[in-house]
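To keep things clear, I will list the structure first and then write my remarks on it.
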Amino acid sequence: MRLTISILVITIFAVGCVTAIPQTANLSEAILITTKPAKVKKVALVYRSEIQDGQIIPCPQGTRLPQDGHPGFVHTEATTFGRMLHDYATLKFPALDQQAATMIRVTLKEFWIETGLVGSTGAAVAAAFFGGEINSIVIANVVVEVEIERPEGTETRLLRAAGEGSHVQGVGTGTSTSRTYRGKESLQYEVANAINASNNRILIMLNNHLDAHEF
């Protein structure tokens, strides 16, 4: 049974070779609407990432263990999140000053992708071997550390967010159905959507955190 499930996972999620995730740096409408210029006029912002752009192998849903047999994806999360943070900071702080006494340090600490099945494993196995639709879920997880340094002291907080996407793969007789009625987007596209959703949620949490500290 374990071998059967492993074959199924590879059938659903493996894409033959390492492929690029078409990540976008689009800010959500919620951020554009809710972000108000800061009251604090002089603020320094520093961004760094402990995650390097490159290959990432997804994990089975609910775990942090790389998926057996998956060739992985190529991501640009460190660069993309940095661009999104810069765009947000431009809205929040019209005039950043790297010499300011108040400094905000944002560090991308963790980033991983989970994949899983929607529905029973038995149904997915049957679809993989005999044809039909296989429904799967993609979860992008992001953890960011925010450090606010002021003359009166320093405070650090971790922000965690997860964005989800879904994918329908047609196998055999189900291929036409899934492409026509359930969407034509590739798995990589859905992964990119999930990452963008997670990044935007982090920025909303960051904005709320800064507002709570009277920025």
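The values are calculated or read from the model by the stated rules, or taken from the named source; none is laboratory data. In this text the structure is predicted, and so the values were computed from the model without any measurement. Glycine gets a Cβ as well: all are built from the backbone with ideal geometry, and neighbour counts include every protein chain shown.
Looking across the range 27-39 at every residue that is surrounded by 14 or more Cβ atoms within 10 Å (Cβ to Cβ) and not hydroxyl-bearing (S, T, Y), the one that is nearest to T80 (Cα to Cα) is identified as L27.
Residues checked against (1) surrounded by 19 or more Cβ atoms within 10 Å (Cβ to Cβ); (2) at pLDDT 90 or above:
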| residue | (1), (2) |
| --- | --- |
| A89 | yes, yes |
| K92 | yes, yes |
| A101 | no, no |
| R105 | no, yes |
| I113 | yes, yes |
| T121 | no, no |
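For the range 40-78, the set of residues classified as more than 15 Å from the chain's Cα centre (by Cα), β-branched (V, I, T) and assigned to a strand (DSSP E or B) consists of V43, V46, listed by residue number. Can you confirm whether I21 is at pLDDT below 95, in contact with a His (Cβ under 6 Å, 6 or more places away or on another chain) and either surrounded by 14 or more Cβ atoms within 10 Å (Cβ to Cβ) or polar (S, T, N, Q) (or both)? Spelling it out, I21 is indeed at pLDDT below 95, in contact with a His (Cβ under 6 Å, 6 or more places away or on another chain) and either surrounded by 14 or more Cβ atoms within 10 Å (Cβ to Cβ) or polar (S, T, N, Q) (or both). Of all the residues in the range 52-72, those that are touching a Leu at 6+ places or on another chain (Cβ under 9 Å) and closer than 17 Å to V18 by Cβ number 1.
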